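The values are calculated or read from the model by the stated rules, or taken from the named source; none is laboratory data. The structure presented is a predicted model; accordingly, all values stated were derived computationally and were not measured. Ideal geometry is used to build each Cβ from the backbone, glycine not excepted, and the neighbour counts take in all protein chains shown.
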Amino acid sequence: MRILQVRVDECSMDEALSQASQWLAAYPEQAPMKQIVTLNPEGVMLAIQDATFRNVIEKAALVTADGNGILWAAERYGIKGVQRLTGIDLMQRLCQLAAEKNWPIFLLGAQPGVAAAAGEKLQQQYPGLRIAGTENGYFRDREDQVIATIRQAQPALLFAGLGMPFQEKWLAQNAHQLGAAVAMGVGGSFDVLCGNLKRAPQFIQKLRLEWLYRLVQQPSRWRRYLALPRFMAAVRQDAKRTFKIS
Ligand code: UDP
């Protein structure tokens, strides 16, 4: 489907996992890296203004609907039953699968120590999970070295928690050098996993107020939330136009 002309795939968790299993079936044989993008309303608004990001989304192997805002928008276009597939949920299920299949993972991103701590948490959750390596996300002055480290580690899955849209662009730009089979941007998920940031309890998620829960923990992010009312206004207008044409 298209939300404000930006690609989002209708894909359930099971479908995403089965896709990823297919892509990983040949691992460790080298194939072009498959990139998964989890897209939220803020991402859609960024993509509208940023052709490079939009291009990464177009070329990605899979683009999931990350956030209730995307589901709401889909309904405005008359598309019902789209499932929400957030980065952190998909990452955890992929790690579960990786532990079962013995696929090593690499965690890149966040402040020093956070990715390693997140890796330990994941290993507690999914015993047997192999961590091929971790690196913090502040590597502008040693980028080549970080790329070489990832390539040598030969991860099946590479998770990049570098913030959107940088993580998506960086993965796409370096796809041929990273040597991973599947890669995905996960934003602040390492901070959530290692306990620096709390994920909203289920009932708050059900009330669709996860964004507010995060805002209270990180008030400095308030500007980013301005994207949501802009997104909603744009979708309302676009959906009206679409229905008039068809
Ligand atoms: N981050 C990073 N390198 C950078 C900028 C940010 O590793 O150059 C990390 C930051 O430490 C945090 C993560 O990116 O762990 C997510 O940032 P943000 O909350 O902006 O991303 P979002 O979840 O909204 O995509």
What pairs can you find where one residue is in the stretch 117-129 and exposed (fewer than 13 other Cβ atoms within 10 Å of the Cβ), the other is modelled with pLDDT under 95 and part of a loop (DSSP other than H, G, I, E, B), and their Cβ atoms are less than 7 Å apart, with a gap of 6+ or different chains? none
Tell me, which residue of the stretch 5-64 that is more than 21 Å from Q83 (Cα to Cα) and among the β-branched types (V, I, T) is surrounded by the most Cβ atoms within 10 Å (Cβ to Cβ)? V56
For residues that are part of a helix (DSSP H, G or I) and in contact with a strand residue (DSSP E or B) (Cβ under 9 Å, 6 or more places away or on another chain), scanning just the stretch 29-44, find the one that is farthest from A234 (Cα to Cα). G43
Would you point out the residue of the stretch 80-120, among those that are under 15 Å from the mean Cα position of the chain (by Cα) and among the basic types (K, R), that is farthest from the ligand (Cβ to nearest atom)? R93
Does K121 qualify as being among the basic types (K, R) and either at pLDDT 95 or above or under 17 Å from T38 (Cα atoms) (or both)? yes
Residues being more than 12 Å from the ligand (Cβ to nearest atom), in contact (Cβ under 8 Å) with a residue 60 or more places away in the chain and not in a helix (DSSP H, G or I) - total across the stretch 164-183: 5
Could you pull out the residue among A156, A183 that is crowded, with 20+ Cβ neighbours inside 10 Å, under 21 Å from P32 (Cβ atoms), touching a Pro at 6+ places or on another chain (Cβ under 7 Å) and among the hydrophobic types (A, V, I, L, M, F, W, C)? A156
Which of the residues spanning the stretch 121-133 are outside any helix (DSSP H, G or I) and more than 16 Å from the ligand (Cβ to nearest atom)? Y126, P127, G128, L129, R130, I131, A132
So which residues in the stretch 134-163 are of a type in the set (D, E, K, R) and assigned to a helix (DSSP H, G or I)? R140, D141, R142, E143, D144, R151
For residues in the stretch 184-224 being of a type in the set (K, R), within 12 Å of the ligand (Cβ to nearest atom) and within 19 Å of the chain's Cα centre (by Cα), which is farthest from A51 (Cα to Cα)? R199
Would it be correct to say that E58 is in contact with a helix residue (DSSP H, G or I) (Cβ under 9 Å, 6 or more places away or on another chain), charged (D, E, K, R) and in contact (Cβ under 8 Å) with a residue 24 or more places away in the chain? no
Look at N196 and say whether it is of a type in the set (S, T, N, Q) and out of contact with any Pro (no Cβ under 9 Å at 6 or more places or on another chain). yes
